[in-house]
Amino acid sequence: MDDRPIGVFDSGLGGLTALLELRRLMPEENIVYFGDTGRLPYGEKTLAQLRVMAAQDLRLMAEQDVKAILVACGTLSSNTPELLESFPIPTAGVLIPSIRAMAEAPGDGALGIIATAATIRSGAFERALRKACPGREIIPIPCPKLVPLIEFGHTDPEDPLLQEALEEYTAPLQKASAVLLGCTHYGIVAEGLRRLLPEDCALVSAAACGAAAIKAQLEQRGQLGGSGEESFLVSGDPRDFARSASVLLGRSIADKVRRVPIMRIET
Ligand code: DGL
């Protein structure tokens, strides 16, 4: 038993989809969440910038005395896997568990990957999926409009700006039997996506896959345990984050959000 918190981080609200899943799987765990809201979107950063940011974010998490870290971000999981693997605290990203879930998804149609521009550019999900599912058609779609829309509150499936973007990104996926939500933000607009994809198309959430991977790691090491506490760190405006996050989580976190300084990217 180890009651130190699990560290979870992302550029902003997206990782909360992983936090919700962690809570469902392990309500008793303590969690420290970091949303790097002062520097998002990660999906528009260069590889050099992402490397610096990943190292800084991991260090910030380590300073919170966490027992494990969930990198609840497809962009960092796909662009900086070597940093996650070599970090001294056990760290899971969303890439490896997502590929496993996609390979096991029902159907034998095409496999879609929707993710940020930086994730698709890295080719990491596509390569891993090609290896896991040889011969299957793979359709990677960069969706640069989605994170800014979601962070600015355009999350209602009826929102015209969201609908327009989702129609554009789902049009090439009409023959897919499974689509990977390769950016953790996309779970927030899953309902809008669901409406535009074929009825029998499976939606695989990278966030949920990452949460399940962390649970398995902690179980294996006999490290489960805690009292369900939560705290939130953000590098942008804490009130903005608290407002949006409270809606997503379905409970107020206003008194649990603290600001940390924006870390400088010197590349
Ligand atoms: N939610 C993150 C991801 O999974 C980052 C999105 C962004 O900031 O562009 O890729």
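Restricting the first residue to the stretch 60-76 and requiring it to be among the basic types (Lys, Arg), which pairs with a second residue that is buried (at least 24 other Cβ atoms within 10 Å of the Cβ) and at pLDDT 95 or above meet a Cβ separation below 7 Å and a spacing of at least six or different chains?
Partner pairs satisfying both residue conditions: 67/6.
What number of residues within the stretch 1-47 satisfy the criterion of being within 14 Å of the ligand (Cβ to nearest atom) and either aromatic (Phe, Trp, Tyr) or in a strand (DSSP E or B) (or both)?
So the answer is 7.
Need the failing condition index for residue 90 against (1) more than 16 Å from the ligand (Cβ to nearest atom); (2) exposed (fewer than 15 other Cβ atoms within 10 Å of the Cβ), just the number.
The number of the failed condition is (2).
Of all the residues that make up the stretch 255-267, how many are surrounded by 13 or more Cβ atoms within 10 Å (Cβ to Cβ) and at pLDDT 95 or above?
Within the stretch 255-267, residues that are surrounded by 13 or more Cβ atoms within 10 Å (Cβ to Cβ) and at pLDDT 95 or above number 4.
Determine whether residue 70 is away from the ligand (no atom under 16 Å from the Cβ), in a strand (DSSP E or B) and either of a type outside the set (A, V, I, L, M, F, W, C) or surrounded by 24 or more Cβ atoms within 10 Å (Cβ to Cβ) (or both).
no
Which numbered condition in (1) in contact with a Leu (Cβ under 8 Å, 6 or more places away or on another chain); (2) surrounded by fewer than 23 Cβ atoms within 10 Å (Cβ to Cβ); (3) of a type outside the set (Asp, Glu) is the only one that residue 198 fails?
(1)
Looking for something touching a helix residue (DSSP H, G or I) at 6+ places or on another chain (Cβ under 6 Å), more than 20 Å from residue 14 (Cα to Cα), among the aliphatic types (A, V, I, L, M) and away from the ligand (no atom under 16 Å from the Cβ) - is there at least one such residue anywhere in the stretch 156-175?
no
Could you say whether any residue in the stretch 48-64 is within 13 Å of the ligand (Cβ to nearest atom), of a type outside the set (Gly, Ala, Ser), closer than 26 Å to residue 128 by Cα and touching a strand residue (DSSP E or B) at 6+ places or on another chain (Cβ under 8 Å)?
yes
Would a scan of the stretch 130-143 turn up a residue that is within 16 Å of the ligand (Cβ to nearest atom), of a type outside the set (Asp, Glu) and part of a loop (DSSP other than H, G, I, E, B)?
yes
How about the stretch 186-267: which helices (runs of 4 or more DSSP H) wholly inside it have at least 3 residues that are farther than 29 Å from residue 158 by Cβ?
Result: 206-220.
Looking at (1) in contact with a strand residue (DSSP E or B) (Cβ under 8 Å, 6 or more places away or on another chain); (2) assigned to a helix (DSSP H, G or I); (3) not β-branched (Val, Ile, Thr), which one does residue 178 not meet, given that it meets all the others?
Exception for residue 178: condition (2).
Kindly indicate whether any position in the stretch 28-46 is buried (at least 24 other Cβ atoms within 10 Å of the Cβ) and acidic (Asp, Glu).
The answer is yes, given that some residue of the stretch 28-46 is buried (at least 24 other Cβ atoms within 10 Å of the Cβ) and acidic (Asp, Glu).
The values are calculated or read from the model by the stated rules, or taken from the named source; none is laboratory data. This structure is a prediction, so every number in the text was calculated from the model and none was measured. All Cβ positions, glycine included, derive from the backbone under ideal geometry; neighbour counts span all protein chains shown.
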